Amino acid sequence: MSVGAELYIEVLTAAAGGVGAVSRHGLSLVAGLRSHSVLLLINVVGSLLLGLVLGLIHADGSSNLALLAVAGFCGGFTTFSSFALQVREAHRQRSVRHAGLLVSAHLILCTAAAAIGWRLVT
């Protein structure tokens, strides 16, 4: 692939990341910026999209689509740093149990969503 084509893909990936971040911010504003359920919803939907895209890539082998969708949109849409902050705040304000529930919900639901996305297209 030429340098120009690689640069074009990188610019599109950055744009897709921006669209993902703006989408996450918009959804957060609609439902409340610090809502644990909103962040969980965002990460589950992002994981489902990740599974769908990776399943499609597995079927046709398009690595450019992977970069745009996974690193770009899904990377901008989902957020590990906000999740980590919410877990820390839950631990500090409520209890270890509540923080553990947040971690468990994210791990189980996001992993399941990615697997479902994969299975839907493969």
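Read the figures in this text as sums done on the coordinates, not as results from a lab. Predicted model only: the values in this text are computed from it and were never measured. Note that we place each Cβ from the backbone using ideal geometry, even for glycine, and neighbour counts take in every protein chain shown.
Here are the numbers:
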quantity: Projected label distance in nm at I116 and R88, using a 7 Å step from Cα toward the beta-carbon; calculated: 3.1
quantity: Percentage relative contact order, the range 3-121, counting C-alpha pairs under 8 Å, at least six apart; calculated: 40
quantity: Volume in Å³ per residue [convex hull over Cα atoms, computed for the range 73-113]; calculated: 53
quantity: Leading residue at positive end of dipole, the chain (Cβ point charges), from L54, L7, Q86; calculated: Q86
quantity: Range of Cα positions in the chain per principal axis (Å), largest first; calculated: 53, 28, 22
quantity: J(HN,Hα) series, the range 102-115, from Karplus relation 6.51 cos²θ - 1.76 cosθ + 1.60, nearest Hz, glycine and proline x; calculated: 4, 4, 4, 4, 5, 4, 5, 5, 5, 5, 5, 4, 4, 5
quantity: Using θ = phi - 60° and Karplus 6.51 cos²θ - 1.76 cosθ + 1.60, couplings along the range 68-76 (whole Hz; Gly, Pro as x); calculated: 5, 7, 7, 6, x, 4, 5, x, x
quantity: Per-pair calculated FRET efficiency, R0 = 35 Å: A31 and I9 via Cβ, rounded to 0.05; calculated: 0.60
quantity: ³J(HN,Hα) computed for each position of the range 117-122 - Karplus, 6.51 cos²θ - 1.76 cosθ + 1.60, integer Hz, glycine/proline x; calculated: x, 4, 5, 5, 10, 10
quantity: Longest DSSP-loop-exposure-free segment, trypsin sites (Lys or Arg not before Pro), the chain, at most 14 other Cβ within 10 Å; calculated: 35-93
